[in-house]
Structures are given as C-alpha cells and as structure tokens.
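Below is one structure, written out as structure tokens; comments come after it.
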Amino acid sequence: MNIEEEIQSSIRSLELDAAEDNVGIAAEDVKEELASVDKEAVKEDVQINSQPAVLEPKGKTKEMKVSEEVVELNETPENRKRHLNVVFIGHVDAGKSTTGGQILFLSGQVDDRTIQKYEKEAKDKSRESWYMAYIMDTNEEERVKGKTVEVGRAHFETENTRFTILDAPGHKSYVPNMISGASQADVGVLVISARKGEFETGYERGGQTREHVLLAKTLGVSKLVVVVNKMDDPTVGWSKERYDEIESKMVPFLKSSGYNVKKDVQFLPMSGLIGTNIKTRVDRSVCPWWDGPCLFEVLDTIEIPLRDPKGSFRMPILDKFKDMGTVVMGKIESGSVREGDSLLVMPNKVQVKVISVHCDENKVRGAGPGENVRIKLSGIEEEDILSGFVLSSVEKPVGVVSEFDAQLQIIELLDNAIFTAGYKAVLHIHSVVEECEIVKLLQQIDPKTKKPMKKKVLFVKNGAIVVCRVQVNNLICIEKFSEFPQLGRFTLRTEGKTVAVGKVAGLLPSGTTGA
C-alpha cells in the first residue's frame with residue numbers, strides 16, 4: 001500500500017461522519033451549517049470578514065427585508081417543504097457559478113430581462129460564456145477575474161424541497177471561504193469539467209477537486225452529487241467514453257475519502273451553460289446513452305437526516321448587523337427558537353431576548369434546526385458580537401474553552417515537516433477561525449487496529465492519527481464531536497494548505513495547562 005492509499009485509508013478510520021459515530025437524532029444534524037452569509041475574499045487564512053449573503057452586490061448594504069405577514073414555519077404548504085443547503089464545490093472554472101445561475105434561471109428566480117442584462121455585461125468584458133455565472137458572482141472583483149471569491153447564496157424551490165444554494169470558490173487562494181460554504185451544507189454538488197485537460201488539472205495533486213472532496217467529507221457533507229459538466233464542449237460532444245473515464249477515476253478516490261459511493265454518491269452528465277439535464281432530462285437526440293435522472297430530480301429525492309427540534313439550542317453566528325436593534329445571522333444546528341425566548345450569547349455569557357425571527361424573507365414566529373435565520377435580539381450591542389460566537393440555550397449553554405483534546409488525522413504537512421508540540425496552524429471549526437498551537441501529543445492511534453499505541457509519542461508524520469491537546473489564543477465555543485458533531489469537527493490549515501482534519505474529543509476547563 002503506497003503512502004497516498006495509507007492516508008486515505010486512515011481518513012476513513014477517523015469516521016468523521018456523524019451518522020457512524022452517533023445514533024441520536026441530534027447527531028444527524030451534522031451536515032447543516034450556516035448558509036446565511038457570505039465571507040469576504042480571504043487570501044490569508046486568518047483574515048476573515050463576514051458579510052450577509054444576498055443576491056444583491058456583496059458587502060454593500062446590510063438590510064433586513066421585513067415581510068409584514070407573520071407565518072408559523074411549517075404552517076403553510078410551501079413551508080411544509082423540507083429545507084436543504086446545497087454547496088457547489090470543485091476546481092476553479094469547472095462551472096459552479098454558471099450552473100448555480102442556470103438553476104436560478106430555470107427555477108424562475110431570475111427573469112429574462114436580468115439574463116439579457118448580464119449577457120450584455122459579460123460581452124462588454126469579452127466574457128460571453130460567463131453571463132450565467134453573473135447571477136451568483138455579484139461583485140466586480142469576481143466578474144473581472146471570472147472567479148468566485150465569496151460564498152454566493154440564493155434560494156430556489158422544487159416540488160418537494162426548499163433549497164439554499166451555496167456557490168463555493170474553487171481557487172486555492174480562497175479555500176477558507178470554501179470551508180465556510182461546505183460547513184453549511186447537507187448536500188455537495190461536485191462540479192467537474194469534462195473539457196479535455198480541465199478534469200485532469202482539477203484532479204491531479206494540487207488541484208482543488210481532491211481537496212474539496214476531502215474537506216466536504218470532513219465538514220459533514222455526507223451526500224454528494226457529481227455532475228460532469230461541459231458535456232456540450234466541442235472536445236467532449238456528449239461522449240460516453242469521456243464520461244465513463246471521469247467516473248472510473250473519481251469512484252476509487254471518493255471511496256478512499258470515506259464516501260459510500262453506492263449509497264451516498266450519484267453521477268450525472270450536464271451542461272451548466274445551456275442548461276441541459278438540469279431541470280428536465282437530456283433529450284435522447286442529444287445524449288442517447290443517458291437514461292438517468294436530471295439534477296433537479298436527484299436533489300429532490302436525496303434523503304436528509306432527522307433533526308431534533310427539542311435539543312439544546314445552538315446557532316453559530318456568522319454575521320451581525322444593526323437594523324433598529326441587533327440582528328444576528330446563522331443556521332440553527334440544534335433545537336428551536338421562538339419570539340420571546342431568552343438565550344445566551346457565548347462565550348461572553350450575555351443573556352438576550354429574541355425580538356423577532358426571519359427565515360428567508362418571511363417573518364416567522366419560530367424556526368427549527370436546519371433553517372437559515374436572522375434573529376433580532378435585545379440586551380446586547382452589535383459591536384459586542386463576533387463571528388464564531390454561538391447563540392445558545394440558557395439551561396445547557398455551549399462549551400467555552402481555550403484548550404481542548406482532539407483526535408487528528410494528518411493529511412499533508414508542508415515540506416515533510418514533523419508534527420509535534422509547538423506546531424502552529426489555523427483552526428477552522430463551524431464559523432470560528434483562530435490561530436492555534438499543538439501543546440502536547442497525548443497518544444498515537446494505530447491506523448489498522450484503531451487502538452492507542454503504547455509507546456510515548458513525541459512527533460508524527462504524514463498519514464498519522466494522533467490524539468493531541470490544542471490551545472487557542474481566545475475563548476471559543478465548541479462541543480465534543482460525540483455530543484454535537486456540527487460543533488466538533490474541524491480542519492487545520494497553514495500557508496494555504498489543509499494539513500489535518502479532526503474531531504473534538506474533550507473540552508478542558510479554563511485554567512488547564514498543556515503540561
């Protein structure tokens with residue numbers, strides 16, 4: 001077994017999928033993490049700035065669109081539809097934004113006039129084929145570069161499901177933003193370009209296809225739809241041979257990343273630019289060999305986990321703003337919230353009262369787990385809230401620590417560096433981004449037996465599984481993975497690369513040292 005196979009095998013042994021580690025309903029919550037905001041372009045892992053996510057130009061205005069009509073969520077027929085967060089991931093230029101734009105157009109979220117406007121803008125910039133991407137890529141930097149920088153957010157509906165669509169950036173400089181998108185999602189749509197040379201570039205070492213798949217699995221995206229895009233390209237011509245070649249290369253890699261390909265992964269051919277096989281099945285005259293479903297059919301029938309509306313309330317905060325009061329935006333990971341509830345903003349332990357709750361554009365009396373919401377609070381000022389804080393139930397508040405024990409899987413250390421006490425990296429856990437230091441290695445886990453090794457561990461290398469103590473500079477809100485998977489899974493990154501993935505094994509009381 002070569003090194004790469006050993007690493008991939010070890011990743012599976014981490015069993016980061018909550019469904020395997022936890023039987024309880026609350027644990028099935030894993031896949032949902034906040035889809036309410038965009039993240040600013042981040043080229044350095046630590047520089048994170050959150051902004052509310054809307055289809056209007058990003059970062060310009062922060063407005064709360066208030067609907068006069070108050071509805072009880074799940075009361076009306078359209079709100080009885082289930083809700084799914086879908087993240088579009090994949091290598092740069094695979095066609096993620098274009099596909100997202102086409103979905104919004106085909107589902108009636110964008111009219112012809114808007115499309116014509118975007119077509120003209122794209123033509124003026126000599127980017128004729130990018131016009132559909134303009135629906136998702138709404139700031140000027142993205143349009144000039146043709147790359148998604150932030151995580152675009154929009155909504156659409158099918159017969160049975162309300163979707164929040166997340167368009168994660170594919171360029172390696174913006175992987176931290178992709179992490180924020182994937183950590184919000186139930187379902188990942190991995191967009192792969194079938195164009196000659198583009199699939200190979202994305203798939204080879206250093207390409208984002210591989211890293212995105214690995215991160216998606218780590219961050220709790222348990223269901224994956226692999227769309228082989230650009231099938232209409234002249235170098236492809238809806239070729240079954242090209243489609244089969246891509247599928248045959250991807251299946252072993254998806255398995256090695258921990259996906260059950262038969263149960264949790266579905267492949268389909270598509271053209272995002274012209275909208276083929278998205279809302280309706282591709283015509284046999286175009287693609288005679290495909291008799292499977294279209295993208296909408298696949299998304300509409302994907303099974304989602306049960307969620308516990310009666311669990312302890314947890315909502316990581318990804319953004320805040322003022323609008324006649326303090327408004328926080330986030331996704332409910334556990335429990336439910338209603339007008340009049342008393343909650344805690346952690347880690348600063350400020351008791352607040354819920355003035356109003358908004359879901360999508362509607363004012364609602366209450367909302368449950370999995371919903372992306374805006375909550376107006378009294379009892380706290382907007383400047384006293386930071387991204388990464390957690391809105392929590394008073395009775396059982398979220399854990400607050402500056403040190404914790406974790407089980408880590410080392411993926412790829414830079415320049416074959418060794419991983420030992422004193423190693424520093426950037427921690428990404430739910431909406432938290434913090435510098436951290438490994439203060440002590442506690443045990444090394446045998447990748448074959450999954451049991452702790454007896455020898456004392458001083459350092460480990462690529463592929464190792466290790467239990468260690470992690471220290472951060474500021475207090476952060478996290479939970480043990482076994483109790484709240486969505487607040488207990490994380491990645492470590494340094495110099496633009498994911499070096500390790502892991503799960504929180506234990507919380508240390510304040511004042512505990514690494515000795």
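The values are calculated or read from the model by the stated rules, or taken from the named source; none is laboratory data. The shown structure was predicted, so the numbers you read here are calculated from the model rather than taken from an experiment. Ideal geometry is used to build each Cβ from the backbone, glycine not excepted, and the neighbour counts take in all protein chains shown. The protein model used for the area step is the full one, side chains on, heavy atoms only, and it has no ligands, DNA or RNA in it. Shrake-Rupley method; radii C 1.70, N 1.55, O 1.52, S 1.80 Å.
Could you check how much of the accessible area of the stretch 273-420 is carbon and sulfur, as a whole percent, using a 1.4 Å probe? C and S atoms contribute 49 percent here. Taking all protein chains as shown and a probe of 1.4 angstrom, HIS358 keeps an accessible surface of around 10 Å².
Skip the ligands, DNA and RNA, and give the accessible area per residue of the stretch 426-513 with a 1.4 Å probe, whole Å².
On the way: 3890 Å² over 88 residues.
Using a 1.4 Å probe on heavy atoms only, each residue of the stretch 426-513 averages 44 Å².
Each of the peptides 234-243, 275-284 was scored by the mean count of other Cβ atoms within 10 Å over its residues; in descending order, highest first, they stand as 275-284, 234-243. Rolling a 1.4 Å probe across the protein heavy atoms gives the stretch 187-313 an accessible surface of 41 Å² per residue.
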